[in-house]
Amino acid sequence: MFSLTFVFLVLKLSFLFCYLSDPRCFWRIKDRENYLGDKEADCFFSMYTKHGYVKNDYFSENLDKKVTLKTIHLISSVYFAAEEINRNSYILPNTSLIVKIECNLIADNVKRIWSLKKKEIIPNYYCKNQRRYLIVLTGPIWITSYILGPFLYFSQTPELYCGHFHLLLNDQEQFPHLYQMTPKDTSLPQGMVSLAVHFRWNWVGVIITDDDHGIQFLSELRAGMESNTVCLAFVTIITYNRKLYLKMYHKYYHQITMSSAKVVIVYGDKESPLQFNFILWKSENIQRLWVSVSQFDIITMIGEFMLNSVHGTLIFSHQQSEMSGFKQFMQTVHPSNYSNDISLAKLWWTYFKCSLPPPDCKTLKNCPTKTLLKRFFVPPLGMSMSETCYNLYNSVYAVAHSLHEMLLQQVDTCSENDGKVLEFNSWKMFSFLKTIQFVNPVGDLINMNQNRERDTEYDIFYIMDFLKHEGLKMKIGRFSGHFPNGQQLFISDEMIEWATDIKQTIASACSVPCRPGLRKYFQEGKAVCCFDCYPCPENEISNMTDMDQCLKCPEDEYANTDQTNCLKKVVTFLDYKEPLGMALTGLAVLFSSLTVVVLCVFLKHRDTPIVKANNETLSYVLLISLIFCFICSLLYIGYPSMVSCILQQTTFAMVFTVSASCVLAKTITVVLAFKITVPGRRLRWLLLSGAPNYIIPICTTIQMMLCGIWLGISPPFVDADLHMVHGHIIIVCNKGSVIAFYCVLGYMGSLALASFTVAFLARNLPDTFNEAKLLTFSMLVFCSVWITFLPVYHSTKGKAMVAVEVFCILASSAGMLLCIFVPKCYLILWRPQINSFHEFRKMHVKNKNIN
C-alpha cells in the first residue's frame, strides 16, 4: 500500500508542469432568472445494498422540483458514481448500491425530528421489516450534520460529510461516527502567502467570519505573513449576529474603503452574513482583487458572482479532475432540462481546452468576441464538478471499495427479503473505510487514512466577467505542500500574461518600493511593510529593490553615481604620459638645460670681471646644485617605488640646502668684501681665507644629519590612498615622519630667510658688480614660493599634491636661476663692453673722482 502511494506521488509531481502547459478553461452563463443563484440545500444520501444489478430511481417523487439547481448538480454526482459502480462487476460483483435522498431536512422536518413521530427520519431506527441503512452521506451544509449527527450516532449509522471542512465536526468525542471527506486547510494559509509573495503583494486585507474556523485561519495566515514580510492592512471579522451585523456594516465598509490594500483575502462560512456583505459592496462599486476558496465560487441571488470585481478573483480549490461522461449522464437524467451546452453552462462551469494564446489575439481582453465564442463551443466540452460534487463522487466509491475489501476478507454479511437486500455490518465497513485507499476512475489517488499527513494540493483559478452575462474561469497555477519551501507554488506565466493583467495593474503595497540605490527606513510604530526610502550612505550600494541595508563596497571599489553597483577604483599617479606629467617633465628638462647653458657661459667667460667679482667658485657650485634641483623633480613623476620615494625626499633636501647655503655664502662674501674696504677693519683674513665657502659644507652636514634621523626613524614609503579621491586609488610616496619632513623643510626655509635678510641689508652697498639686489630678489621669490606651497599643498588631493610639490621645486629653482644669473648673462653676452677690466677701471676712477 505504501509503494502505491509513493508511485502515485512521484507520477503526480512528474506531470505537474505538463499539466500546467496544457491548461483547462471554464465558462458559465449567469442565470439571472434563477433568483436562488447557487443556493444549496442540505441533503442526506442514505445508502444500502441489493443483490444483482438494480438501477437507482433517479429523482423520485419529483425531488428535482423541491431543490435548487445547484443541489441537482450534487445529487447527479452521487447517482453518477452509483451507476458507474453498479455497472462495474469488478468492484461489487452481483451487488448494487442504492441511494435514498432526502433534502431540506432542517426546513421541512425539524419539528418531526425532535418529536420523533416520524421514525424514518432517523436511519437504522426500525422495527420489524424496516430498512437499515449502511451509511449516510451528508452535505454541503455543515449545520445539518451538526444538529442531526447525534441522532445518526444513536442509531449506529456512520456518516461521511462531503461539504467543506469544519472544525466543529472534527471533534471525535462528539462525532465519533463522522468522517470528513474534505481535508483540513492546513496548507491554505501558506499557499495564499506564497501567492502574495509571488505577485509582490505585501499589503493585504483579510475578511473572515467570527468563528473558530475563521480565527484559526487568521492565526495561521498571520504567522505565514510575518515570516515572509507580508503585512495585514486590515482585518474584518464578520459577525453571525444579524442585529450586530447591521450596526457594524458601516464599520466594515470604511475598513475596506479607507485601506490602500488592493488585494483582499476572504475566508469563512459562506452561509454567514458574509455573502450579504459582498452583495451590498457590489452596489457600492468596491473594486478589489479577491483571493478566496472554492466555496465562494458561486452566483448570488442577484445573478452575479459573489466575489465580483473588475480585477477578477483568485480561487484556491482542492485538486480534482474532470469527469468524462458526467455531461452525458446529466443530459440522460434530465433530457428536457439539460439537452444542450447552454443549459449546462447555466447550471455550473463547463470546461473546454484552451490553447495559449489564440492565433488572432495576444491577450484575453484584446480578443474579438466572435473568436472567444467560437472557442467556447469547440469540442470537447464537458460538465465540471464542484468540490462538494467531487467529494460526494469519491465518497460513493469509498463505500464501494470498503465493501469490496469486506467481501474479499469474507467479513460476515447477511441477506434479507428473499436475498434481495444484502446487509453489511455498518461499523465494520466504516472501520475499513477510514483506512482504505484507491484510485478513482479519473486516475486520482484517494487516501482515506485520517492519521496520515494530509498536505493538501490546490488548483488556483482566475475568475473574471466575460461580456455581460458570461463568466470565464482559467487555471493559472497550483500549490503543492509536497514540495520544499520556496518551490510549492507553480504559476503559469504564459496563462497570466494572456488571461489577466494582475502583474501590470495590481500593486498592493503600503509604501512605494525602494528602487536600487535606496534603502528602507522603517517608520516607528508602523508595520514593517510601511517605510520611507533613503539614499545609501557614501560608498555603499543597494543593487536590489526594497533592501533593508545597503552594502559597503570593498576598499578597492567605489559606488557608482546611482549607488547600484561597485566599480573598480582607478589606480592613478603622476605619470609621464599624461599632459600634466609631460608638462612638468618638459619644464624640468628645459630649466636644467638652461642652467647647463648658463654654466657653460660662465666657464667660457670666467676671466671677465663680472664672473670673478662675485666669487666664481660659489657661482659654479650654485649652478650645479640648481641643475640637480631641476633634475630631482623628475623623481616625483612616474610610478613610485621604495627607492624613488627615499631619493626624492633626500635629494630634494640636500640639493636645495646646497643651493640655499650657496646663496647665503655669496651674500656673506658681498658683505665681507665691502667691510674690508673700510679703514681700520681687520676682516680681510676672513675673506682671503675663504671662510664664507665653509658655510656650504656646514649647512649641508646639518641637513644630512636631519635626513639621516628621518630615514632612521620613519623613512618615506610607497602608499596607496584609497579614500583621498572618490573612485581612485592614489599611489603616492608617504612622507613617513611628517615632523621630520617639516623639520627638513623648515631648515631650508631658515637658510633662505637668513640669505634674504643678509642680502636685503646689503642691497645698497656701493659696488660695481654688487649682486646683493639679485640675491635679495631671488630669495624673495624662493620664500614666496614655499610659503605659498604649504596651504596649497594641504588643500589639494591625489596626484595634484605631487604636482604642486614638483611645481614649487621648479619655480623656486627657476627663481634663483633667473633672478641671479640671467642679468649677468645679459651683460656677458649682450653688453660685453661693460664686462672688461679697462671699462671697469674707468668706472672705478670716475666713481673715485666723484667721491
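Of all the residues that make up segment 137-177, how many are out of contact with any Phe, Trp or Tyr (no Cβ under 8 Å at 6 or more places or on another chain) and assigned to a loop (DSSP other than H, G, I, E, B)?
Adding up the residues that qualify gives 9.
Cβ-Cβ distance below 9 Å, separation of 6 or more or different chains: which pairs start in segment 747-763 with a residue that is in the same structural domain as K773 (by the TED database) and end on one that is modelled with pLDDT under 80 and in a loop (DSSP other than H, G, I, E, B)?
A759/E771; A762/N770; R763/N770
Which of (1) closer than 15 Å to S511 by Cα; (2) in contact with a Phe, Trp or Tyr (Cβ under 8 Å, 6 or more places away or on another chain); (3) open to solvent by 70 Å² or more (accessible area, probe 1.4 Å) does D210 not meet, given it meets every other one?
Here D210 meets the rest and fails (1).
Sort out which residues of segment 544-565 are β-branched (V, I, T) and either open to solvent by less than 50 Å² (accessible area, probe 1.4 Å) or closer than 14 Å to C533 by Cα (or both), and write them in order of number.
T545, T564
With the requirement that a residue be among the β-branched types (V, I, T) and surrounded by fewer than 18 Cβ atoms within 10 Å (Cβ to Cβ), what does segment 782-818 give you?
I787, T788, V792, T796, V804
Do any residues in segment 641-669 that are touching a residue at least 40 places away in the same chain (Cβ under 8 Å) have Cβ atoms under 9 Å from those of residues that are crowded, with 23+ Cβ neighbours inside 10 Å and among the charged types (D, E, K, R), where the two are at least six apart or on different chains, and which pairs are they?
The qualifying pairs are K666/E771; T667/E771.
Select from segment 274-308 the residues that are open to solvent by 10 Å² or more (accessible area, probe 1.4 Å) and among the hydroxyl-bearing types (S, T, Y) and write down the one among them that is modelled with the highest pLDDT.
Among them, the one singled out is S294.
Please work out if I541 is under 26 Å from D444 (Cβ atoms), buried (at least 18 other Cβ atoms within 10 Å of the Cβ) and β-branched (V, I, T).
Against the criterion (under 26 Å from D444 (Cβ atoms), buried (at least 18 other Cβ atoms within 10 Å of the Cβ) and β-branched (V, I, T)), I541 does not qualify.
Quick one: in segment 614-655, of everything that is open to solvent by 20 Å² or more (accessible area, probe 1.4 Å) and aromatic (F, W, Y), which residue is farthest from L711 (Cα to Cα)?
Only one residue tops the list, namely Y620.
Could you tell me whether F483 is open to solvent by less than 30 Å² (accessible area, probe 1.4 Å) and either part of a loop (DSSP other than H, G, I, E, B) or on the phi < 0 side of the Ramachandran plot (or both)?
It is false that F483 is open to solvent by less than 30 Å² (accessible area, probe 1.4 Å) and either part of a loop (DSSP other than H, G, I, E, B) or on the phi < 0 side of the Ramachandran plot (or both).
Would a scan of segment 178-196 turn up a residue that is modelled with pLDDT under 85, aliphatic (A, V, I, L, M) and under 28 Å from D38 (Cβ atoms)?
No: zero hits.
Quick grid of which residues meet (1) touching a helix residue (DSSP H, G or I) at 6+ places or on another chain (Cβ under 9 Å); (2) closer than 16 Å to A400 by Cβ; (3) modelled with pLDDT of 80 or more:
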{"site": "D31", "(1), (2), (3)": "yes, no, no"}
{"site": "K39", "(1), (2), (3)": "yes, no, no"}
{"site": "F44", "(1), (2), (3)": "yes, no, yes"}
{"site": "M47", "(1), (2), (3)": "yes, yes, yes"}
{"site": "H51", "(1), (2), (3)": "no, yes, yes"}
{"site": "N62", "(1), (2), (3)": "no, no, no"}
{"site": "A81", "(1), (2), (3)": "yes, yes, yes"}
{"site": "D108", "(1), (2), (3)": "no, no, no"}
{"site": "S115", "(1), (2), (3)": "no, no, no"}
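Scan segment 166-180 for residues that are among the hydrophobic types (A, V, I, L, M, F, W, C) and open to solvent by 20 Å² or more (accessible area, probe 1.4 Å) and jot them down.
Passing the criteria: L167, L168.
Confirm whether C510 is surrounded by 14 or more Cβ atoms within 10 Å (Cβ to Cβ), within 19 Å of the chain's Cα centre (by Cα) and modelled with pLDDT of 90 or more.
no
Could you check segment 238-251 and list, in sequence order, the residues that are touching a residue at least 24 places away in the same chain (Cβ under 8 Å) and open to solvent by 70 Å² or more (accessible area, probe 1.4 Å)?
Y240, R242
Just to confirm my filter: which strands (runs of 3 or more DSSP E) fall fully inside segment 347-465 and include at least 3 residues that are open to solvent by less than 60 Å² (accessible area, probe 1.4 Å) and modelled with pLDDT under 80?
Qualifying strands (runs of 3 or more DSSP E): 350-353, 421-424.
Yes/no per residue for (1) assigned to a helix (DSSP H, G or I); (2) open to solvent by 20 Å² or more (accessible area, probe 1.4 Å); (3) closer than 25 Å to G815 by Cα; (4) at pLDDT 75 or above:
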| position | (1), (2), (3), (4) |
| --- | --- |
| T657 | yes, no, yes, yes |
| V671 | yes, yes, yes, no |
| N693 | yes, yes, yes, no |
| I698 | yes, yes, yes, yes |
| M704 | yes, yes, yes, yes |
| W710 | yes, no, no, yes |
| H723 | no, yes, no, yes |
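Open to solvent by 50 Å² or more (accessible area, probe 1.4 Å) and in a loop (DSSP other than H, G, I, E, B) - does that describe any residue in segment 230-237?
The answer is no, given that none of the residues of segment 230-237 is open to solvent by 50 Å² or more (accessible area, probe 1.4 Å) and in a loop (DSSP other than H, G, I, E, B).
The values are calculated or read from the model by the stated rules, or taken from the named source; none is laboratory data. Predicted model, so just to flag it, every value in this text is computed and none were measured. So basically every Cβ, Gly included, is an ideal-geometry build from the backbone, and we count neighbours across all protein chains shown. These accessible areas exclude ligands, DNA and RNA; they are computed on the full protein's heavy atoms, side chains included. Shrake-Rupley method; radii C 1.70, N 1.55, O 1.52, S 1.80 Å.
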